[in-house]
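A short worksheet on the structure shown next.
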Amino acid sequence: MQRSLATTATMIFTEDRFVSLSKVAEILTTALLRVKEVVAAVETTQNCVIVTCDHFCAHLEVVYGDRETNLTVCVADRNDALQSDTDTKRAHLAFLLFPLALNLPVTFLVWPSSDVRIPRLRFIEGLADSFSPHKDAITPREKPKDDLPNEDELRSMIRQASGSLTGANSLAPPPEPKSMFERLADAARPVLSSLH
């Protein structure tokens, strides 16, 4: 995996600092199978999990520090000849972070190219409605329903959410009716902008 061609986020654990890599692998495999992504291999070592799918690889590495534990989540193209754009990588990254944040005792998440520590509950609450097939928001303790977003929907969501993080504004009004990811962007925008 070439890190220069990857997109990386960090999950920070400050209270319950033990990270079970077998649980991480199980959460990711389940989430990927829900969107019918072919999981070619899952490798677990002493401090990392590598998930290889049809189109991308995810490398998750845990580092234990004195006061906190960091789990870096890195997404890269599987095949160097078929490189995807940054939005696609960030879409995959967001899709992997959501179920991990929902099921692990994460304290903060740090998005790529940002030093902002997003509190776990804000991250989950901002995205929960869009990961549910119903318009009613789910609480952070509930698990998302079976219908999770596909790659195109994730790419669209990431463009909008990344714009919120960088302060970019889109002048075009959203198309109607609102899709799951437009609802996601609407939910995430106030959460992310309140962190600046």
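Taking the Cα-to-Cβ direction at residue 38 and at residue 17 and moving 7 Å from each Cα, how far apart do the two end points lie in nm?
With each label point 7 Å from Cα toward Cβ, the separation is 4.2 nm.
Per residue of region 91-99, what does 6.51 cos²θ - 1.76 cosθ + 1.60 with θ = phi - 60° give for ³J(HN,Hα)? Whole Hz please, x for Gly and Pro, Karplus curve as stated.
Ordered by residue, 3J(HN,Hα) equals 5, 4, 4, 4, 4, 6, 5, 4, x Hz.
Are there trypsin sites (Lys or Arg not before Pro) in region 1-76 that DSSP marks as loop and that have at most 14 other Cβ atoms within 10 Å, and which are they? Could the numbers behind the result be given before it?
Details: sites: 3, 17, 23, 34, 36, 67; in loops: 17, 36, 67.
Within region 1-76, the qualifying trypsin sites (Lys or Arg not before Pro) (loop, at most 14 other Cβ atoms within 10 Å) are 36, 67.
What accessible area per residue comes out for region 53-125, rounded to a whole number of Å², with a 1.4 Å probe?
That works out to 43 Å² per residue.
With a sphere of radius 14 Å drawn around the Cβ of residue 49, what net charge do the other residues whose Cβ falls strictly inside it have (Lys, Arg +1; Asp, Glu -1)? Intermediate values should be presented prior to the final figure.
Details: positive: 23; negative: 26, 43, 61.
Once positives and negatives cancel, what remains is -2.
Leaving ligands, DNA and RNA out of it, report the carbon-plus-sulfur percent of the accessible area of region 17-116 at a 1.4 Å probe. Kindly include the intermediate steps, with their values, before the conclusion.
Numbers: 2230 of 4590 Å².
In region 17-116, the share of accessible area belonging to carbon and sulfur is 49 percent.
The values are calculated or read from the model by the stated rules, or taken from the named source; none is laboratory data. All values derive from a computational prediction rather than experimental measurement. So basically every Cβ, Gly included, is an ideal-geometry build from the backbone, and we count neighbours across all protein chains shown. Just the protein is used for accessible areas: all its heavy atoms, side chains included, with ligands, DNA and RNA removed. Shrake-Rupley method; radii C 1.70, N 1.55, O 1.52, S 1.80 Å.
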